[in-house]
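To start, the structure under review is shown below, and the notes come after it.
The values are calculated or read from the model by the stated rules, or taken from the named source; none is laboratory data. Here the structure is a predicted model, which means the values were calculated and not measured. So basically every Cβ, Gly included, is an ideal-geometry build from the backbone, and we count neighbours across all protein chains shown. Side chains included, ligands, DNA and RNA excluded: accessible areas come from the protein's heavy atoms. Shrake-Rupley method; radii C 1.70, N 1.55, O 1.52, S 1.80 Å.
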Amino acid sequence: VILLPILVGVVLWNRLPDKIATHFGTDMMPDGYSSKAFAVFGLPLVLLALHWICMIITNTDPKSKNIAEKNMIMVLWICPAISVLVNSLAYGYALNSKLRVGFIIILFMGVLFMIMGNYLPKSRQNYTFGIKLPWTLNSEENWNRTHRLSGKVWVAVGMIMMLTSFFESPFIMLAVVLIAVIVPTVYSYKLYKDGV
């Protein structure tokens, strides 16, 4: 699935321009371009390498047995989903399709946060998937309570992203991502200070 965009790129090769937008700024306008060869072949291969790195890290986790099969399946599908999304946006923009890049990216992020938020409360202590703080890794109770709260927060953040994706505002997305990071961190630290 990660390499599928290469096949699509080869089919579209003669229609694609020599330079393809592969990076978009905060105004959701392209501010970085790559050669057609890198966009078609390089991006999927970079994501494949990243996918392998994620798999190696996950499988060498000392607590990998604590990673539920559903969590592992989700980890397995993140890079393929990103590969298809990123290349679809790059090809679509290059072919002058009227894609709302900001809307699609923020909507995708919202869906991803909602999915991960559903998995967080069910995850057990590990070094790969979850809220990995010194306090959560040293206390199973802290881990469990932090992840129960984090699941609710991440689902809420995902819903906010999806509902505000029409504004295509990277600042709203950044603000809610900060909430998703800060709230669990502060809560976990408070539990630690309370002796949990």
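Quick one: in segment 65-103, of everything that is in a helix (DSSP H, G or I) and open to solvent by 60 Å² or more (accessible area, probe 1.4 Å), which residue is farthest from Tyr119 (Cα to Cα)?
Tyr93
Under 7 Å by Cβ, and 6 or more places apart or on different chains, what pairs join a residue from segment 20-34 that is more than 12 Å from Ser169 (Cα to Cα) with one that is among the basic types (Lys, Arg)?
These pairs meet every condition: Ile20/Lys36; Tyr33/Lys19.
Any residue in segment 119-129 that is outside any helix (DSSP H, G or I), aliphatic (A, V, I, L, M) and open to solvent by less than 30 Å² (accessible area, probe 1.4 Å)?
No, because not a single residue in segment 119-129 is outside any helix (DSSP H, G or I), aliphatic (A, V, I, L, M) and open to solvent by less than 30 Å² (accessible area, probe 1.4 Å).
Looking only at segment 1-48, count every residue that is in a helix (DSSP H, G or I) and modelled with pLDDT under 95 and tell me the total.
Here the count works out to 0.
Looking only at segment 139-178, filter to residues that are closer than 11 Å to Ile106 by Cα and not in a helix (DSSP H, G or I); which one of those is least open to solvent (accessible area, probe 1.4 Å)?
For segment 139-178, the residue satisfying everything is Ser169.
It is to be established whether one or more residues within segment 53-65 are within 26 Å of Ile106 (Cα to Cα) and among the acidic types (Asp, Glu).
no
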